[in-house]
Every structure is written in structure tokens, then in C-alpha cells.
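Starting off with a structure, shown below.
Bear in mind that the values in this text are calculations on the coordinates, not laboratory data. Predicted model only: the values in this text are computed from it and were never measured. FYI the Cβ positions are ideal-geometry reconstructions off the backbone, even for glycines, and counts take in every protein chain you see.
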Amino acid sequence: MILLRVENLKKSFGGLVAVDELSFEVLQGEILGVIGPNGAGKSTLLNLITNHVAADGGNVLFSGKELTHLPRHKIVEHGIARTFQALTVFSSLSVMDNVAIGQASRVRTRLGERLKEFRFRGESERKKDIFRKKVEEVIDFVGIDRRKANTVVAKLPLLDQKKVAIATALASEPKLLLLDEPLAGLNKHEADDLLEEFRKLKSSGVTIVLIDHNLEAVMSICDRILVLHFGTLIMNGSPDEVLQSKKVSEVYLGV
């Protein structure tokens, strides 16, 4: 089943064409990799899907519904969440508070009110317990030690900070999770740890679009891979097909 359909998506910045009439589909339940050299348009693509950047043309459809010009919070409500290339966490807040912020987008509650609820001011014990349980479930799911739940994020190692960013996105209960270079800065052991979390996500029913420069990791976990070059799709196939493609070797690997 097609979960996300991108049709003739286009974006230019001045005279630079970042995404050029790009079309593809994301199937429900798959991990789709997106690779390409720097400047290929990968991050711009995620920005267009989530309307962090307005498209010049084309359409984005999610579960058959047009999302192209919707406000970002509405896109989250439809079931799309993302992480960013730059680590976007509230580093001065605790792990729990970061995940609570992620929940705010799903329950349509003002951020300040949501944090008040989580800190147990003026709410019934039943509501407090339900909310805390949901937050704790997400933290456990991404593999953060529960003993770190009240730790300020800035004091955590990089791997845990990345898990906090993913947990915050997951707190909005997405059907589709867009990951922009989540493995950047991690050693092989840490990257393998995060890849296991992605496999768990897939098993739980979350569809993933993964951008990363760690080619070995992308090939090991993705069901299908898109290869971009100057905003154009040059390959859409299995990891084996991509590795064997002469065109991909020429424009991406430089051989």
C-alpha cells in the first residue's frame, strides 16, 4: 500500500534547482533510504514534504490526502514526524520534558500547558498517570535508560541525545518518520545500536525514510533506496541494484 506519494516536486533557490520534478512513492511498512552527494537535494526533500520550505510546484499526498500547502502542525497531526540534520533537542530540559513536548503536537495542547500537566500541577491523578506512562513507554522504546529520564539532555552522550530527538518525534505517534542523517557523528558500535532501534520501529508499524551518508548502514537496513543527483532521481531500487548500478557509481561514488 502506498503511504506517501510525491509528484513532480520542485524547488529552486535563486538560480539553483535543489529538487527538480521529483516523483516517488513510499510504501507502508518499508524503510526507504535516500542517498546522494552533498547538494543532491536530500534535506530539501524532507523540508518540502513537511512544509518547512514551500514547494515551487508538485504535490505531496499522504494516505491519499493532499498535504502540500498545509501548516506544519497539521502535517504532524496527519501522522508525519521528522528529525533534523542538526540535533534539535531542548538541551536545557530533561529527557522527559523533551518527550512531553513531542506529545503536545498530537494532543493539540499548548506547550506550556503540556509541561504543566507533565509536572503534575492541577491535573487529576488519573490523567497524570496516563500521560507519564505514555512518555515513559516512548523513552523505553528507543532504549534510553529510565534512570536518565530526569537528566538534562545536554549532559547525555551523543547517542542518547539522538535517541531523545527520535523519542520526541515518536511521541506525536507518527505513521511515517523522516530521519535526516541520524547516524552522523556516531562510531560503528553506536550506529549499530541506533539501527536496531530503526528495526524495532519498522516492526512496530512505523514507516521510515532515512537519509544518511553512512552507505554501509543504509544498505544494511533499507528495503529500497532512492539515489538523488542535483535534485533529480537517478535510481530507485533495492540495495543490491543500487550497488551494481554503473550510473550510481559514476555520479555518487565517483568511479
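Tell me, what HN-Hα J-couplings in whole Hz come from the Karplus equation 6.51 cos²θ - 1.76 cosθ + 1.60 at θ = phi - 60° for each residue of the stretch 149-164, using x for Gly and Pro?
4, 9, 7, 5, 4, 4, 8, 8, x, 4, 4, 5, 4, 5, 5, 5
Report, in whole Å, the centroid distance computed from the Cα atoms of the stretch 1-73 and the stretch 195-244.
Here the answer is 16 Å between Cα centres.
Between residue 59 and residue 38, with labels modelled 7 Å along Cα→Cβ, what's the label distance in nm to one decimal, could you check?
3.7 nm
Can you run phi through the Karplus equation (6.51, -1.76, 1.60; θ = phi - 60°) for the stretch 21-35 and list ³J(HN,Hα) in whole Hz, with x for Gly and Pro?
Coupling constants for the stretch 21-35: 6, 8, 9, 6, 10, 10, 8, 4, x, 9, 10, 9, x, 10, 10 Hz.
If you don't mind, there's one more thing I want to ask. Using alpha-carbon pairs under 8 Å, 6+ residues apart, how would you state the relative contact order of the chain in percent?
On the way: 466 pairs, mean separation 69.2, N = 255.
Averaging sequence separation for qualifying contacts and normalising by length gives 27 percent for the chain.
Rounded to the nearest 5, what is the percent of antiparallel bridges among the DSSP beta bridges in the stretch 163-235?
Details: 3 of 8 bridges.
Taking every DSSP beta bridge within the stretch 163-235, about 40 percent pair in antiparallel fashion.
Amide H of residue 34 versus every other amide H placed in the peptide plane: which residues, excluding those fewer than 5 positions away on the same chain, fall under 5 Å?
210, 211, 212, 226
Using C-alpha positions alone, give me the convex hull volume of the stretch 11-64 per residue in cubic angstrom. Present the calculation step by step, with values, prior to reporting the outcome.
Details: hull volume 5.0 nm³, N = 54.
Enclosed volume per residue, from the Cα hull, is 92 Å³.
Helix 125-141 against the longest principal axis of the chain: what's the angle in degrees, Cα atoms only, rounded to the nearest 10?
For 125-141 against the chain, the angle is about 40 degrees.
Can you compute 3J(HN,Hα) from phi for each residue in the stretch 54-66, using the Karplus curve 6.51 cos²θ - 1.76 cosθ + 1.60 with θ = phi - 60°, rounded to whole Hz and x for Gly and Pro?
My calculation for the stretch 54-66 gives 6, 6, 7, x, x, 9, 10, 10, 10, 6, x, 9, 6 Hz in order.
Here's something else I'd like to know. Given a Förster radius of 30 Å and the C-beta distance between residue 88 and residue 243 as r, what FRET efficiency does 1/(1 + (r/R0)^6) yield to the nearest 0.05? List each step's numbers first, then the result.
Numbers: r = 32 Å, r/R0 = 1.07.
Efficiency computed from Cβ-Cβ geometry: 0.40.
Counting only residues 5 or more places away or on other chains, whose amide H sits under 5 Å from the amide H of residue 19 once H atoms are built in the peptide plane?
Here 11 satisfy the definition.
Determine which residues of the stretch 150-177 fall in the zone a paramagnetic label at residue 223 would reach in this model, i.e. backbone nitrogen under 16 Å from the point 7 Å along Cα→Cβ.
175-177
Given the pairs 65/134; 74/202; 42/202; 42/133, which span a C-alpha to C-alpha distance of over 30 angstrom in this model?
Cα-Cα > 30 Å for 42/133; rest within.
Short version: what are the Cα gyration tensor semi-axes of the chain, square root of 5 times each eigenvalue, largest first, in whole Å? Numbers along the way, then the final one.
Working: eigenvalues 213, 88, 47 Å².
Working from the Cα gyration tensor, I get semi-axes of 33, 21, 15 Å.
Inverting the mean 1/r over all pairs of different Cα atoms, compute the Kirkwood radius of the stretch 132-209 and quote it in Å. If you can, show how the numbers build up before the last one.
Details: mean 1/r = 0.0775 Å⁻¹.
Taking every pair of different Cα atoms in the stretch 132-209, averaging 1/r and inverting gives 12.9 Å.
Helix-only estimate, please: 222 nm mean residue ellipticity of the chain, summing -39500 (n - 2.57) across DSSP H runs of length 4 or more and dividing by its residues, to the nearest 500. The partial results should precede the final answer.
Values: 9 runs with 96 residues, N = 255.
After summing the helix terms and dividing by the residues of the chain, the value is -11500 deg cm²/dmol.
What percent antiparallel are the DSSP beta bridges of the chain, to the nearest 5?
Values: 21 of 37 bridges.
Taking every DSSP beta bridge with both residues in the chain, the antiparallel ones total about 55 percent.
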